[in-house]
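Working notes, beginning with the structure itself.
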Amino acid sequence: MARWTPGARGRLEQAAFELYSENGFDNTTVAEISARAGLTERTFFRHFADKREVLFGGATTLQDELVGATANAPDDVAPIQAVAAGLEAAAALLSERVALARQRQAIIASSAELRERELIKLASLGDALAETLRKRGVGEPAASLTAEIGIAVFRTAFERWIDEANDQDFPRLINASLEQLKSLAAGERPLVDVG
């Protein structure tokens with residue numbers, strides 16, 4: 001096995017997703033992932049701290065995209081509009097990976113440990129978003145409330161996006177969810193389906 005194999009991270013991710021889907025997360029070892037990828041365990045640990053990180057390794061990139069677009073929204077927009085810009089950027093980042101997102105979510109749903117980790121990831125995204133809003137001059141509790149609403153919109157749209165019956169792209173579902181939220185806040189009757 002080559003020490004510095006090109007594409008090692010991608011091969012490890014693919015092998016892990018296959019094995020998690022075939023055998024379950026709990027029943028898959030790092031040794032099995034490495035062997036399936038044709039790499040060593042040492043190479044695995046160069047790329048991932050543990051086997052969970054294969055599923056959560058992109059969280060930093062997602063957070064950077066969400067926070068960056070929120071921070072760079074025009075200064076004169078309302079906090080929820082700044083968050084909407086961040087959500088749209090995050091959704092665009094994921095848009096081309098729907099099959100992988102479905103597979104990842106099925107793996108996470110099969111493990112209590114992974115579901116807990118996913119909730120922690122979402123809480124971290126919410127904290128980072130709230131801090132970004134505070135840096136934009138939004139006071140409390142508005143910053144925290146807006147961030148939590150943003151994460152709820154993201155999660156709702158994500159769940160709709162990965163549904164096999166869905167035929168809409170993720171950014172459009174983000175916008176549709178935000179529109180429904182506006183209707184609800186205005187006291188209007190909620191729509192049966194948006195988008």
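The values are calculated or read from the model by the stated rules, or taken from the named source; none is laboratory data. What you see is a predicted model; the values in this text were computed from it and never measured. All Cβ positions, even for glycine, are placed from backbone atoms using ideal geometry, and neighbour counts span all protein chains on display.
Quick notes on this structure:
- Residue 89 vs. criteria small (Gly, Ala, Ser), out of contact with any strand residue (DSSP E or B) (no Cβ under 7 Å at 6 or more places or on another chain) and under 30 Å from residue 150 (Cα atoms): yes
- Residue within region 70-79 that is in contact (Cβ under 8 Å) with a residue 12 or more places away in the chain, surrounded by fewer than 17 Cβ atoms within 10 Å (Cβ to Cβ), assigned to a loop (DSSP other than H, G, I, E, B) and outside the structural domain of residue 178 (by TED's automatic domain parsing) present: no
- Some residue of region 105-119 being on the phi < 0 side of the Ramachandran plot, more than 15 Å from the chain's Cα centre (by Cα) and outside any loop (DSSP other than H, G, I, E, B): yes
- Flag if residue 77 is over 13 Å from the mean Cα position of the chain (by Cα) and hydrophobic (A, V, I, L, M, F, W, C): yes
- For residue 91, the stated conditions hold: it is at pLDDT below 95, of a type in the set (A, V, I, L, M), in the same structural domain as residue 136 (by TED's automatic domain parsing) and farther than 22 Å from residue 12 by Cβ.
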